[in-house]
Each structure stands twice: as C-alpha cells, then as structure tokens.
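Step one of this worksheet: look at the structure below.
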Amino acid sequence: MDLQHICRGFFPNCRLLSQREIPTGHINRSYHVRLQLSEGNCGDFLLQALNPYVFPQGEQVMENIGRITAHLWAKEPSGVHLRFYPAQEGNFLRQEGQLWRLCDYIPSLSYEKAPSVALAQQHGQAFGHFLQLLSDFPAEQLHETIPHFHDTQQRFAALWHTVEADPCGLAASLSVELKLLSQLQEEACGLCRLLQQGALSLRVCHNDTKISNVLFNRDSAEALCVIDLDTVMPGLAAYDFGDAIRSSANTRAEDCPDPSQVRLDLEIFRAFAQGYLRECAAALSPLEQETLALGAFCITTEQAVRFLDDYLQGSLYFRIDYPEHNLYRARCQLALAQDMRRKLPQMQNIVAELIEA
C-alpha cells in the first residue's frame, strides 16, 4: 500500500517522512504519518481507511463529521477538536477501493479502561461536555450511518435470525449463552420501549463512548478531545452513558478469559457519573437522568448480543486476534450485565445523589 500516494490526495506536494500503524480499535485502519508539506514545514497527521463493511455509506459518515466538527469549533473556537483536511472529492479520498480521511494527529495519551478514579471522572467530563456542546444541534440533520445501531430490539432480532441460519455451524455450542440472553431480553429492551412510547427523545449522541475514544493530556492527564466521530448520529443519552460505564467500570479486560472475575466497579461508576453530570445534567430531561443507570445494563447486554452475533457469522464486523475472540468478549459482557443488574438500585441511587448535590 502506497501511503505517500494516498497522502498526496490531500496534500499534492507532500513527502511521507514516516508512518506507523496504530493497532488499537476494532473497526478502521489507522496510521500516524509525518508529512513534509513544504520546505521547513512538517506536520503529524492521522490517516484512516474506513471499514467498508461497517460503513458502506462512507460519504454520509463524512458529511455527519463535517457538520459536527463545524458546530464544535463554532461553539468552542479555543477548544481541542478534530480537524479534517479536504481532498479532491471533498473531505475524503477514494483510493484502492476504500474511503480515506486525514486529520491532525493530536499528541496525547489514551486508555483501554480507566486506570484511576481521577481518569474516570475526566472520561465522564469529556463525554458530558461533548453532549452539552451538541445539545442544540438538530438531530434530524444527521444521517443514520448505521441503521438501528443502538436498537436493542433489532440487535436481538438479528441474533435470533443468525442462530436460526447458523452459517458457521456454531449455534449448538452456545446453548448456555443463548438461554441467558433470552432471559435478559425483555429487561434489556426497556429503553427501546420508552423511545417507542415517546417518553424519551432522540438527541445527537456519540454512540461509542468508551474511554479509548477520549484523548488525554500527556502532562496533566486531563481530557483533551473526544475522537472517533463515525457513529455520531441520533441516539439516546442513556446508551452513551451506559457504553462508557460498560467499557470503563469493568474490573477486567473486555476479553478476559475468565468471566467469573468480571465485576462492575461502583467507585469508577460514581466518578464517571460525577464528571458526566457536572457537564450536562442541565441538558438532560428528568427521565433521561433517571434512565442513565439502566442504560449501562441495556447497552452491555446489547454488546454481548453483538459480539455473539458476529462470532456466529464468522467475525466479519469486529477485528479479532484469534477465532474465539468475539466469544470471549460476549461472555465477559454477559457477566458484566448480570452484575449490573444486581447493582442497578445502587447505580440509580448514585445518579440521584449526584443530581441532587
């Protein structure tokens, strides 16, 4: 792959000085590239190829990102936000059958899970501030880049369809996991029912709020910037809150080989909630506030469904390191969802206390 040729689609006269593939992330391929733009003028950039299987309508993804980043810069001109560079086709480049984009590389630290209470609070502040900045952006102006992305009912329906089709002959070996999911299904779809009833409304959400999508200052460990805007589209605040808790307050790695060790860390939960609500509580309706903790259980169960569905299909969506990777991920999410279900009253009390404080 000729990355210099691709980079010249954005800066025609540039010279590629160095390149490094960034291995983190389940979906897209990313490279840190250093470019010489002109004599004595060099810069660091993030070059990414969108996954066409996940984002078949890549143009719509980039349209959303263009609108969102313009809004963020207008609301907070002195802030730190992603800045993308135009190519011949607009704000992206089609090359070698893929859609490529280029943005500034922001020197920073990133984490797969919160290493401390202080970082968890910063994680919460980052996404609470992000929601607050976009609270006046009309959600209907954004494309739904992945239809039914956080529609738990649809995710369950897709899983049962895959189980019936059983394309890789794996369903018979998953009777324990599938039985447990069937028991959790009704409760996990609670947010969907509230949306259908009109009790909750769609707003602009990030939809992938794990801590690895926040960049942190290398010196102060303060949150700098929210990244990975591919899934910014209409959604529910409770799913955004819950997905952050799912990823950050898990006592073990997402693919821990022993699910019996997986627990929800209530101290991390409290710290994230405190940072999040400090930034955006005023932008949330009373029912949105009330359902934040439930969102953690719903999205964690949904993620178990997504990992298991992908495993049954031969792992086409999520990047894997070994054949059973998505199965281990699914089992860990199931264990975490069960612990969240047990601790839901405590989680709800914490949110209520923080709102009243």
Could you go through the stretch 197-212 in sequence order and give the Karplus-derived ³J(HN,Hα) for each residue, using 6.51 cos²θ - 1.76 cosθ + 1.60 with θ = phi - 60°, rounded to whole Hz, and x for Gly and Pro?
7, x, 6, 10, 10, 6, 9, 6, 10, 6, 6, 7, 8, 5, 5, 5
Separation of alpha-carbon centers, the stretch 195-266 and the stretch 1-67, rounded to whole Å
25 Å
Evaluated at q = 0.10, 0.12 Å⁻¹: base-10 log I(q)/I(0), Debye formula over Cα of the chain
-0.62, -0.90
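For Met62, Met1, what ranking results if the residue with the fewest other Cβ atoms within 10 Å of its Cβ goes first?
Fewest to most other Cβ atoms nearby, the residues stand as Met1, Met62.
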Per-peptide average of other Cβ atoms within 10 Å, ordering 150-157, 295-302 highest first:
295-302, 150-157
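As a check on your grasp of the helix formula, calculate [θ] at 222 nm for the chain: sum -39500 (n - 2.57) over DSSP H runs of n ≥ 4, divide by the residue count, round to the nearest 500. Intermediate results must be reported in sequence, preceding the final value.
Numbers: 11 runs with 160 residues, N = 357.
Estimated from H runs of four or more residues: -14500 deg cm²/dmol.
Sort Ser110, Ser78, Ser38 by Cβ crowding within 10 Å, fewest neighbours at the top.
On the way: Ser110 13, Ser78 5, Ser38 10.
Lowest count first: Ser78, Ser38, Ser110.
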In Å³ per residue, the alpha-carbon convex hull of the stretch 294-357 encloses 82 Å³
Rounded tilt (10° steps) of 117-133 against the dominant C-alpha axis of the chain:
70 degrees
When only Cα pairs under 8 Å and 6 or more residues apart are kept, what is the percent relative contact order across the stretch 280-357?
41 percent
Helix 325-356 axis, angle to the chain major axis (alpha carbon atoms, nearest 10°)
80 degrees
Please state the shape class of the stretch 230-357: rounded when a/c is under 1.5, otherwise prolate if a/b exceeds b/c and oblate if not, all from the C-alpha gyration tensor.
prolate
Taking the Cα atoms only, what angle lies between the long axis of helix 266-280 and the longest principal axis of the chain, rounded to 10 degrees?
60 degrees
Which of Asp208, Asp104 has the fewest Cβ neighbours within 10 Å, and the rest in rising order:
Asp104, Asp208
Förster radius 45 Å - calculated FRET efficiency between Ala283 and Gln183 (Cβ-Cβ, nearest 0.05)
0.80
Expressed as a rounded percentage, what relative contact order does the stretch 3-104 have, with Cα pairs under 8 Å and six or more residues apart?
26 percent
Based on the Cα coordinates of the stretch 3-104, what is the per residue volume of their convex hull in Å³?
110 Å³
In terms of the alpha carbon gyration tensor, root eigenvalues a ≥ b ≥ c, rounded if a/c is under 1.5 and otherwise prolate when a/b exceeds b/c or oblate, the stretch 153-199 is oblate
Could you pull out which residues in the stretch 36-57 have an amide N less than 18 Å from a spot 7 Å beyond the Cα of His143, following the Cα-Cβ vector?
48-57
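No value in this document is a laboratory result; all are computed from the given coordinates. Keep in mind that what you see is a predicted model, and the values were worked out from it rather than measured. When we count neighbours, we look across all protein chains shown, and the Cβ atoms used for this are built from the backbone with ideal geometry, even at glycine.
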